[in-house]
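The values are calculated or read from the model by the stated rules, or taken from the named source; none is laboratory data. Remember, it's a predicted structure, so these values are computed and weren't measured experimentally. Glycine gets a Cβ as well: all are built from the backbone with ideal geometry, and neighbour counts include every protein chain shown.
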Amino acid sequence: MPAWCRRLLRPEAGFFLLCWLGLMWVFQSRAFNDPGALWHVKVGELILDHGFMTTDPFTYTFAGRTWIPQQWGGEVAMAVAHRAAGLDAMLLGFAAGVAGLFTWIFSRTVRSGVHPALAGLFVGGAGVVAAFHFYTRPHMFTILGMAVTATAIVDFERGRASAWRLWWLIPFNVLWTNIHGGVLGGVLTLGLAVAGWGILFLVSRDRQGAGDAEVPLPGGRGSPIKSWRTALLLVAVVAACGLTPFVNPFGMEMLRTWQKIVGSDAMKELVSEHQPLSLALTPGRVVVGFAAFYLFALLGTLPKWPRVSWLLPLVWFALSLKGIRQGPLFVVVGAVMLADLWPHTVWHRLLKKHGDSLARDPEESPRSWGWAAVAAAFTLVVFAIQLTGIVAPVVGRGWAKLSPQYIPVELADDLRTATAGRRLFNDANLGGFVIYHAPGVPVFMDDRFELYGDPWIREYVAVVYDHPERFDGWADEYQFDVALVANLPGEDRLPLEKYLSESPRWVVLSRCERGVLFRRAE
């Protein structure tokens, strides 16, 4: 086999293809189950057609109220993909991006001395754990951004990259700022790493008394900072990254929007992804399971002094306990750090001692990026097939779809007919569905909670779940006479849906597995 072919057909290429196929299959409809997956597309299309908006473009309840597309970069990318090949192109970009990210981590794990089979188990398992919050939404870039930041931290700490090379994180964070507010997590992580290195640097200087030479701490793992010049350079990098959120088209309004989201108590109480980790739910259990494995690996590095970078996943696990949506960020940072720390564990040494091929010496030279060429070529070929309009499973048009178990797609035609000249009340979680399938129909509410504020959100929950008898007063106040309400099974049935189904004031127009369309009786 020619050398160039061997460089391309490395284990990474196979890992990428397996990941890509699994993502395309499992997330065929699941990738679009989040309401934001639909309205983000429409925001991007409005930006492409009319430029940036500064007031709400979708509701009649908050029309004219200040609202900005603070995830505009990701929304425009979604809109471009959607215009090219609909949901299929969106799914392809999602699958290729996630598969590429975890293949990159897999490559680093193999380079550290882990056999590809074991590396596949580590990294593939991490991807499965994090997958509970995978959707075609801009927040996926934050998962990538955390991996990029973590690898930069590891490479500097290991001496593979100079402090000057960390400056490229600044333009990367500018890009990140304009795609998703999770850039703040990246800045926090980098800042914690630099602070930890700085403390070790000061301790080592204190131990040796004077000068710039470092005296290692017990175990030989001291600070990668060797001089005050390097320390000041790193502080400057962190400070510059901390200023990148100001580089956006909306100025301070972007930061005010982020503050509303982070500071919303109602979101923490009522929105599942903002709630604390719970062992009663599968996402909480798998995140705790990954944390247990990470601690198992980390303890295997004792009694030597742990590197600062190895402790960063513990910070993100603590944040995951407060909000489960941080779980994938903990997992991806943990996966990057596992690739670095595993060769320093007693578990790795035991495998080598007993001659197991699952443990090898770390590779001195960087691994080839040939797999990335294979991944890019494969993705472009599939995209070309989609552009031609060929209908085919997985690789062609018509594969990606909306699940009727989560989205009332059967009601789309009836919704457009019923809302002609009429105002609509809609379930907040179905706002994205209405915005996508009935463009031009103003919605009552969707899941952009930074627009509505805590009092409105609490009032909405009170009416839908606790006091549906107030709904008729809302109908008079907001002058709507069509209502789209979620249809949930069994004990999850919404009190509002039950009330409207039994009320003589409302007539059922259509009903499907996920939604019910009502009209006010004449």
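Of note, Thr103 does not satisfy the criterion of being within 22 Å of Leu190 (Cα to Cα), assigned to a helix (DSSP H, G or I) and modelled with pLDDT of 95 or more. Pairs linking a residue in the stretch 277-306 that is in the same structural domain as Phe122 (by TED's automatic domain parsing) to a residue that is at pLDDT below 95 and basic (Lys, Arg), with Cβ atoms under 6 Å and 6 or more positions apart or on different chains, are Trp305/Arg221.
Just wondering, is there one or more residues in the stretch 87-100 that are touching a residue at least 60 places away in the same chain (Cβ under 8 Å), closer than 17 Å to Val332 by Cα, surrounded by fewer than 23 Cβ atoms within 10 Å (Cβ to Cβ) and among the β-branched types (Val, Ile, Thr)? No - not one qualifying residue is present in the stretch 87-100. Please enumerate the residues belonging to the stretch 410-451 that are more than 18 Å from Gly36 (Cα to Cα), part of a helix (DSSP H, G or I) and of a type outside the set (A, V, I, L, M, F, W, C). Hits for the stretch 410-451 are Glu410, Asp413, Asp414, Arg416, Thr417. For the condition closer than 29 Å to Gln259 by Cα, buried (at least 19 other Cβ atoms within 10 Å of the Cβ) and of a type in the set (Asp, Glu), Glu45 does not qualify.
At negative phi, without any contact (Cβ under 8 Å) to a residue 24 or more places away in the chain, assigned by TED's automatic domain parsing to the domain that holds Pro362 and in a helix (DSSP H, G or I), is that true of Ala117? The answer is no for Ala117. Kindly establish whether Glu75 is among the acidic types (Asp, Glu), in contact (Cβ under 8 Å) with a residue 60 or more places away in the chain and farther than 18 Å from Ile435 by Cα. It is false that Glu75 is among the acidic types (Asp, Glu), in contact (Cβ under 8 Å) with a residue 60 or more places away in the chain and farther than 18 Å from Ile435 by Cα. Among the residues of the stretch 487-522, the ones that are surrounded by fewer than 21 Cβ atoms within 10 Å (Cβ to Cβ), assigned to a strand (DSSP E or B), touching a helix residue (DSSP H, G or I) at 6+ places or on another chain (Cβ under 9 Å) and in contact (Cβ under 8 Å) with a residue 12 or more places away in the chain come to 5 in all. Within the stretch 62-93, restricting attention to residues that are under 19 Å from the mean Cα position of the chain (by Cα) and of a type in the set (Gly, Ala, Ser), which residue is nearest to Glu253 (Cα to Cα)? The extreme case among them is Gly73. Among the residues making up the stretch 141-200, those that are touching a residue at least 12 places away in the same chain (Cβ under 8 Å), within 16 Å of Asp340 (Cβ to Cβ) and not in a helix (DSSP H, G or I) are Arg158, Gly159.
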